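The block underneath contains the structure these notes are about, expressed in structure tokens.
The values are calculated or read from the model by the stated rules, or taken from the named source; none is laboratory data. Quick caveat: nothing in here was measured; it's all calculated off a predicted structure. As a convention, Cβ positions derive from the backbone with ideal geometry for all residues, glycine included, and neighbour counts pool all protein chains shown.
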Amino acid sequence: MFSLLSFPVMFGSNRSYADVHSGNVASTIVIEPDRVLSTLYVRLQALEKANVTVWESIPGNFSDRVATIDSRVLGLFTSSNSLGFNLSTDSLGNAWIATHYSLDAGDYVNILAYVSSKTMTWNLSQLGLVPFPDSYPSNVEAFLEPGRKIFSQNQTIIDIAVANNKTQNNMTQTVENVLDFVNAQGYDPDKSRLLMLGNFTTTDMLDFFKDALQVLDTNSSICIERSWLAASILRAAGIPTRTVTNVDLKTWIQLWLPNVGWVDAETVCDRLPHPPPHPGMLPKDITFSVPWAVENSSDALFPIMWFPKVPMKVVNLGVGTLGFEDVSLFDVDKYKTILSRPVDAQVFRQDPTKFRFPLRFDPKTVYGAVTQEGSDTVFSLIGEDGNASVTITQGQYNSVGLGDLTASFIPVQQNGFLALYDFSLRESWKFDLRLLLPIVGVPVVAAVVWLYLRRRR
């Protein structure tokens with residue numbers, strides 16, 4: 001199992017902060033300007049003939065006692081050359097879409113998603129003494145096990161964990177010690193820049209990154225690599241740890257503490273635009289995990305991967321809000337399936353711009369939306385001059401017209417998503433009086449010519 005990379009999406013730095021102190025608890029509330037829609041786009045090119053399955057993690061709601069993030073896929077498009085797809089949820093609660101392709105050398109795979117997001121709150125306790133518990137909940141124990149890049153049972157890693165766990169019964173101090181050790185690593189900016197460019201060829205994206213032992217040998221790493229190193233050492237020390245990757249290719253760790261839950265910790269804190277006052281345990285800007293906060297599994301996978309190890313080239317990574325930087329990249333005819341989570345109709349009416357996804361940009365932008373009201377699921381076309389809706393009947397062709405446009409599709413419910421198969425957006429046929437000109441004009445011209453020739457005779 002191997003993976004590609006997460007979608008990079010850049011946002012501005014228009015943020016405001018408020019610090020609230022109560023006893024030994026420091027709480028940071030991050031207020032973000034409203035974001036209507038974020039575009040996530042990746043284009044891959046096959047370098048050889050193969051059958052390929054592309055796996056993609058689908059954003060959902062992520063909440064615990066540390067932070068609350070609300071992110072939602074409004075529309076996810078799959079390429080028109082896909083053979084089909086499956087939706088599933090893994091044992092850790094991650095939702096996945098697996099899209100199947102039969103590709104010739106040179107064929108492209110396009111993945112496009114529109115995501116709405118909202119930052120809620122962030123707070124972090126300066127926890128002081130937290131004793132190791134006698135046991136962990138069953139859904140936490142998986143994060144003590146070794147992973148594909150997390151070597152918590154390697155003897156070298158165990159020795160480092162023991163050396164940094166001198167207090168034996170203080171989890172927070174052990175975390176501080178391990179983060180001090182890991183953050184002493186040199187940073188590799190050249191590798192980070194190469195990753196952000198995206199235009200390189202690879203058969204296995206994970207081979208691009210160093211594992212925990214390679215990081216120790218080279219004393220150089222980027223955030224994902226040192227997060228794996230930190231997770232390896234912390235798990236070896238008996239502290240459940242997982243890595244989290246967001247759309248900016250930023251990766252950090254979360255560790256589980258009793259009576260607290262999952263707490264974020266930084267592994268390249270000197271690289272942050274707003275360095276935290278404490279070098280290891282944050283407060284950290286929760287906006288790093290919006291809009292696509294993906295909890296990596298205990299195997300530390302990225303949110304995009306493909307099987308088998310087919311040579312693929314990353315040829316485009318699109319970013320932006322309310323569309324692409326170059327909207328000509330988007331052509332709904334290149335896709336035949338749209339997945340959308342229905343939005344509560346009342347919530348949609350309060351702010352429809354936040355829960356719609358573009359279907360056409362030129363000459364005018366036309367949006368789609370899927371809403372739920374009681375037992376009825378409704379698909380809407382929304383344009384500058386109004387909107388039109390249809391109550392969906394599953395398993396058969398549905399259509400809805402708006403002006404001279406008609407959207408047609410076959411809807412099927414899957415795992416909380418509505419899949420719109422065979423989706424098309426076409427201009428409606430209208431009778432044009434100009435079509436009569438050749439029909440009427442030719443006989444008239446012929447009659448005039450005939451009369452003229454007859455008179456000549």
remark   = Quick count over region 148-194, residues being surrounded by fewer than 22 Cβ atoms within 10 Å (Cβ to Cβ), among the aromatic types (F, W, Y) and not in a helix (DSSP H, G or I), is 1
ask   = Tally time: how many residues in region 379-405 are within 19 Å of F361 (Cα to Cα) and surrounded by fewer than 17 Cβ atoms within 10 Å (Cβ to Cβ)?
value = 9
inquiry  = Can you find a residue that is basic (K, R), farther than 20 Å from P358 by Cβ and modelled with pLDDT of 65 or more anywhere in region 65-85?
reply    = no
Flag if T393 is within 23 Å of R426 (Cα to Cα) and either part of a strand (DSSP E or B) or in contact with a Cys (Cβ under 7 Å, 6 or more places away or on another chain) (or both) = no
message = Quick check on my filter: what residues within region 291-342 are at pLDDT 80 or above, closer than 22 Å to S102 by Cα and assigned to a loop (DSSP other than H, G, I, E, B)?
response = P308, V310, P311, D331
note = Residue pairs qualifying under the 7 Å Cβ cut-off, at least six apart or on distinct chains, with the first in region 144-160 being touching a residue at least 12 places away in the same chain (Cβ under 8 Å) and the second being part of a helix (DSSP H, G or I) and basic (K, R), are L144/R235; I150/R235; S152/R235
